[in-house]
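Here is the structure we will look at.
The values are calculated or read from the model by the stated rules, or taken from the named source; none is laboratory data. A quick note: this is a predicted structure, and the numbers were derived from the prediction, not measured. Ideal geometry is used to build each Cβ from the backbone, glycine not excepted, and the neighbour counts take in all protein chains shown. With ligands, DNA and RNA removed, areas are computed over all heavy atoms of the protein, side chains included. Shrake-Rupley method; radii C 1.70, N 1.55, O 1.52, S 1.80 Å.
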Amino acid sequence: MKKLLLIAVAIGLSFPLLAQTNFRSLSFSEAMDAARQEKKLVFIDFYTDWCGPCKKMARETFPQKNVGNFMNQNFVCLKLNAEKEGKELAARYAVKAYPTFIILDSDGKVRSELKGAMDGDAFIAKLKAGLDPEQTPERMAERYQAGERTPELVNNYALHMMEQRKEKEGFEIVNNYFESLSEAERLKEVNAFLFTRYTLNIDDAKARFMVAHRDEFDATVKEEIAERVARLYRAKLIMYFSGYQLRSNLYKEEEYQTLKNEICSLGLDKEYKYAPMFRLIEGRLICNDEAYVDMCVKEYDGLEEADRSLLIMNLTRLIQTDDVAILKRMSEFIRNHLREMVPSCISVASRALEDIESRMNKK
């Protein structure tokens, strides 16, 4: 009896975590009536059974407490399969991508529309912006052209440009704003978005400033800035580790050594297993194919899990050979570790394995 009681309590405690956002079992007309009675808007999540981002939102975002609180307070929420029970409504509102989130007033007029998966905080921010008349694309353009340069406007307007696939214009907005700021202003919490959202390359001017002043940022964002710096350095090193720089004839020893020295001088190699990555990058330059396979086998266990998968997925780029004996060893290496890989990487590794073994069989 006691065991059953404990199970019941556990279920009771965990259930809210699985369904924080209250998606109601209502018809469209019933949802409209409820919205009028409760003085709320109607939120519709148009999804499909095969849509990965839709499942991500259902699994990770909608169950969050802060998301559920905001959604339940402001909306009557519906979840409709755009290819089944929601097909007619999806056609009425011209839904063509998934997930699409539409917010309607109680007369059925579209107040805002969002597309794609995002984390909880970003989702709430986008919902709020979509309902604010000052955050409409037309109004943001007017405000920007009139000379307004608040952090909020720059962030939202640039993000809107990116979502419209106008990346060049979006980054121009961000970079012009960055250049207009003093050093002290750049370090403030309100401007951290310049670095955490719009700095994608360690060689970018914003990244160089971030590295040079990493210990001077506002205390509330210092940890996030440090994480961003570490992520950017790893992203740059992966270009060498994957063989991309080498096979694209972009490898320059001086640039690689500068990158390595900066990683070490910042102490990033103490927080992440960079040493085996360095050895594999440098070994590819001096080892023949047979010796490099030996090196991959030797260094594999010392790599971080994500880098093990990267090594396997890029093996055919790193080793380009028709030697059957080497191809056989490459095949064995991948097969020995295929089961350890996360599902998202297995398909890429499997294609590399298929390529290797097809070349073996032609000999």
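Residues checked against (1) more than 18 Å from Arg351 (Cα to Cα); (2) hydroxyl-bearing (Ser, Thr, Tyr); (3) modelled with pLDDT of 95 or more:
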site: Tyr251; (1), (2), (3): yes, yes, yes
site: Phe278; (1), (2), (3): yes, no, yes
site: Asn288; (1), (2), (3): yes, no, yes
site: Ala291; (1), (2), (3): yes, no, yes
site: Asp294; (1), (2), (3): yes, no, yes
site: Ser309; (1), (2), (3): no, yes, no
site: Asp322; (1), (2), (3): no, no, no
site: Ser331; (1), (2), (3): no, yes, no
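If only residues of the stretch 187-206 that are touching a helix residue (DSSP H, G or I) at 6+ places or on another chain (Cβ under 6 Å) and assigned to a helix (DSSP H, G or I) are counted, the one that is most open to solvent (accessible area, probe 1.4 Å) is Val190. For Glu271, the test of being at pLDDT below 95 and exposed (fewer than 14 other Cβ atoms within 10 Å of the Cβ) is passed. Among the residues of the stretch 99-142, just one is at pLDDT 95 or above and open to solvent by 60 Å² or more (accessible area, probe 1.4 Å), namely Glu142. Glu83 fulfils the conditions (1) surrounded by 14 or more Cβ atoms within 10 Å (Cβ to Cβ); (2) at pLDDT 90 or above; (3) more than 28 Å from the chain's Cα centre (by Cα) except for a single criterion, (3).
Somewhere in the stretch 291-308, is a residue open to solvent by less than 70 Å² (accessible area, probe 1.4 Å), within 30 Å of the chain's Cα centre (by Cα), within 19 Å of Ile356 (Cα to Cα) and free of Cβ contacts under 8 Å to residues at least 24 places away in the same chain? There is no residue in the stretch 291-308 that is open to solvent by less than 70 Å² (accessible area, probe 1.4 Å), within 30 Å of the chain's Cα centre (by Cα), within 19 Å of Ile356 (Cα to Cα) and free of Cβ contacts under 8 Å to residues at least 24 places away in the same chain. All told, Pro63 falls short of being modelled with pLDDT under 95, part of a helix (DSSP H, G or I) and either open to solvent by 70 Å² or more (accessible area, probe 1.4 Å) or more than 23 Å from Asp132 (Cα to Cα) (or both). Taking (1) surrounded by 14 or more Cβ atoms within 10 Å (Cβ to Cβ); (2) without any contact (Cβ under 8 Å) to a residue 24 or more places away in the chain; (3) touching a helix residue (DSSP H, G or I) at 6+ places or on another chain (Cβ under 8 Å) in turn, Phe171 satisfies each apart from (2). Ile238 - would you say it is in contact with a helix residue (DSSP H, G or I) (Cβ under 7 Å, 6 or more places away or on another chain), open to solvent by 20 Å² or more (accessible area, probe 1.4 Å) and either farther than 30 Å from Ala158 by Cα or of a type in the set (A, V, I, L, M) (or both)? Yes, satisfied.
Scanning the stretch 19-36 for residues that are under 15 Å from Cys77 (Cβ atoms) and not in a loop (DSSP other than H, G, I, E, B) yields a count of 8. Restricting attention to the stretch 22-60, and to residues there that are out of contact with any helix residue (DSSP H, G or I) (no Cβ under 7 Å at 6 or more places or on another chain) and of a type in the set (S, T, N, Q), which single residue is least open to solvent (accessible area, probe 1.4 Å)? So, considering only residues that are out of contact with any helix residue (DSSP H, G or I) (no Cβ under 7 Å at 6 or more places or on another chain) and of a type in the set (S, T, N, Q), the one least open to solvent (accessible area, probe 1.4 Å) is Ser27.
Of the residues contained in the stretch 125-144, one or more are found to be among the basic types (Lys, Arg) and either assigned to a strand (DSSP E or B) or under 21 Å from Met32 (Cα atoms) (or both).
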